[in-house]
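Chemist: Attaching a single structure in structure tokens format; questions to follow.
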Amino acid sequence: MNSQLQALVALQDLDLMIREAKDPKRATQEEELGFPLGGMDKLERTRERLAKQIDERLLQLYERMSRRYARVVVPVEGRICLGCFIGLPTASRRIADSGTVENCENCGRILYRI
Amino acid sequence: MPTAPSVERRIETYLELHLRPALFIPELKNKKKSAVLEEMVAHLARHQIARQADAVLEVLRQREALGSTGVGKGIAIPHARSTMVAERAVLLARSSKGVEFDAADGNPVHLCFLIVAPPTEHDPIYLQMLAQIVKAVRLAPVRRKILDAPDFDAIRAVIGAQFTNE
């Protein structure tokens, strides 16, 4: 997995954690179980640092797609995109300019191979 | 004609269903939080739960930055969801010497339940398991039994017994 894709995966995981920690119902449940969630500012700073490592156009694509999908970066298993569960054509498609990141022709999600 | 005695069967909790002998570390090698998380994630990677150990470790470290998962009384329940986790899993690890985990009460951690899951949009089971672990280990005698248990099956029986009246 190339470094841009690794950074995108880290960003997606962090965004999920931030989203859940900001969800009042979810946060209350965790805090009631004994898990404090006071370090949100640390996560926000880490997110800023991480976002700077990602190619600007790729980051824009990720941010745009995040508004549509909860998971933008998804695995491909046996030529099936595990975001939309549609088969991919044999010839893979690369996102223009990034050169290294592949996306699903059906749903547009960014793919990684497992 | 004699009839077979009726056996009341209990539906196992999600926690019990996720406890697996392969995901049990009887004695952790490390004593610091960061190294322990690394040791546990490496174990998950060996069992194909963590697709990329580095990515899973990073998300767990970020979760600890949000707030320590050392809930006190010698228990830690690190938990996170990651794109690089293949399936929901619980890894149980023990440390007789104790691990420095920045726990709420400042005490070392002796029992560590690591929960990981893929980033599925709706996964109520993940949170339920978290609550079930908290409930299972709330009593000191139970924690002692888990620490002293000779093997994984004995631990599973102790945990299962905490849910028998449900």
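Chemist: Just counting partner chain Cβ atoms within 10 Å, what average do the residues of peptide B:126-135 show around their Cβ?
Modeler: 2
Chemist: What nm value, rounded to one decimal, do you get for the distance between A:Arg26 and B:Thr120 when each label is placed 7 Å out toward the C-beta?
Modeler: It works out to 1.5 nm between the two label points.
Chemist: Same structure again: Under the 0.36 nm per residue contour assumption, what length would be gained going from the current alpha-carbon distance of A:Ala70 and A:Asp41 to full extension?
Modeler: 8.2 nm
Chemist: Now a separate question. Which value at 222 nm does chain B reach when only helices count, each DSSP H run of 4 or more adding -39,500 (n - 2.57), with the total divided by all residues and rounded to the nearest 500 deg cm²/dmol?
Modeler: -12000 deg cm²/dmol
Chemist: Could you give the nm distance between label points at B:Asn107 and B:Glu39, where each point is 7 Å from its Cα heading toward the beta carbon?
Modeler: 2.0 nm
Chemist: What does the highest-first list of B:127-137, B:58-68 look like by mean Cβ count within 10 Å?
Modeler: Going by the mean number of other Cβ atoms within 10 Å, highest first, we get B:58-68, B:127-137.
Chemist: Which three extents, in angstrom, do the Cα atoms of chain B have along their principal axes, listed largest first?
Modeler: Ordered largest first, chain B gives principal extents of 63, 35, 25 Å.
Chemist: Once R0 is set to 45 Å, what does the formula 1/(1 + (r/R0)^6) return for the Cβ-Cβ distance between A:Ile114 and B:Ala157, expressed as a FRET efficiency to the nearest 0.05?
Modeler: The calculated FRET efficiency here is 0.80.
Chemist: Right, here's the next one. Which value results when the Cα radius of gyration for the range A:1-41 is divided by 2.2 N^0.38 Å?
Modeler: Ratio of Rg to 2.2 N^0.38 Å for the range A:1-41: 1.45.
Chemist: Same structure, new question: Quick check: residue separation of B:Ile11 and B:Val142 times 0.36 nm, minus the Cα distance between them. What number comes out in nm?
Modeler: Once the chain is fully extended between B:Ile11 and B:Val142, it gains 45.1 nm.
Chemist: So which lysines pass the test for A:Lys25, namely a Cα distance under 22 Å, with those fewer than 8 places away in the same chain ruled out?
Modeler: Answer for A:Lys25, where 22 Å is the Cα cut-off: A:Lys42, B:Lys135, listed by chain and number.
Chemist: OK, next. To the nearest 20 Debye, how big is the dipole of chain A about its Cα centre, given +1 on the beta carbon of each Lys and Arg and -1 on that of each Asp and Glu?
Modeler: Roughly 320 debye, rounded to the nearest 20.
Chemist: Let me ask something additional. If pairing requires two Cys Cβ atoms under 4.7 Å apart, which cysteines of the protein assembly as shown are left without a partner?
Modeler: B:Cys112
Chemist: Semi-axes of the equivalent ellipsoid for chain A, please: Cα gyration tensor eigenvalues, times 5, square-rooted, ordered largest first, whole Å.
Modeler: Result for chain A: semi-axes of 29, 17, 11 Å.
Chemist: Considering just Cα atoms, how many Å³ per residue does the convex hull of the range B:85-166 enclose?
Modeler: 125 Å³
Chemist: Working from Cα positions, state the angle (0 to 90°, nearest 10) between the long axis of helix A:3-22 and the longest principal axis of chain A.
Modeler: That helix lies at roughly 40 degrees to the long axis.
Chemist: Shielding of A:32-44 by partners, i.e. mean partner chain Cβ atoms within 10 Å per residue?
Modeler: Per-residue shielding by partner chains comes out at 5.
Chemist: Set the Förster distance to 22 Å, then compute FRET efficiency between A:Glu56 and A:Arg19 from the Cβ-Cβ distance, nearest 0.05.
Modeler: FRET efficiency, A:Glu56 to A:Arg19: 0.45.
Chemist: Further, regarding this structure: Just from its helices, what would the mean residue ellipticity at 222 nm be for chain A, if runs of 4 or more DSSP H residues each count -39500 (n - 2.57) and the sum is divided by every residue, rounded to the nearest 500 deg cm²/dmol?
Modeler: Only helices count here, giving -15000 deg cm²/dmol.
Chemist: Quick one: grab Rg to one decimal and Dmax as a whole number for the protein assembly as shown, Cα atoms only, in Å.
Modeler: Taking only Cα atoms of the protein assembly as shown, I get Rg and Dmax of 20.6, 80 Å.
Computed from the coordinates by the stated procedures, all read-outs in this text should not be read as laboratory data. As the structure is a prediction and not an experimental result, all values here were calculated from the model. Cβ sites come from the backbone with ideal geometry, for glycine too, and all protein chains shown count toward neighbours.
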